[in-house]
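Read the figures in this text as sums done on the coordinates, not as results from a lab. None of the values given here were measured: they were computed from a predicted structure. Cβ atoms come from the backbone with ideal geometry, glycine included; neighbour counts cover every protein chain shown.
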């Protein structure tokens, strides 16, 4: 069993403030609710398979951050906010589907019309 490490001052106050813990840039942070479920490709924490984002999960999105290799980003594609994974390939950033079963053409992955809305910094799940 893992032991949770909690800041001593939070224990003294009797509460944890999620705003302090997960929001680094308040003016640029938004909360979005995932509209569908997607299995992510790759290894999750502890060497397991990638984690899923489920319908209803809350995504914490920071618009002040720049996209970097391996991060999940929210992009505007065809007028909708959608999730993509940022991949550095041939010295260019590409935005690919999180679900490895979905195939994307090269022109879709490096589409210059894609606008980056923000970077997903946390995913809040209901247990």
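A few notes on this one:
- Projecting label points 7 angstrom from Cα along Cα→Cβ for residue 80 and residue 39 puts them 2.1 nm apart.
- Computing FRET efficiency as 1/(1 + (r/R0)^6) for residue 90 and residue 115, where r is the C-beta to C-beta distance and R0 is 30 Å, gives about 0.90.
- Compared with the alpha-carbon gap, the fully stretched path from residue 55 to residue 30 is longer by 7.3 nm at 0.36 nm per residue.
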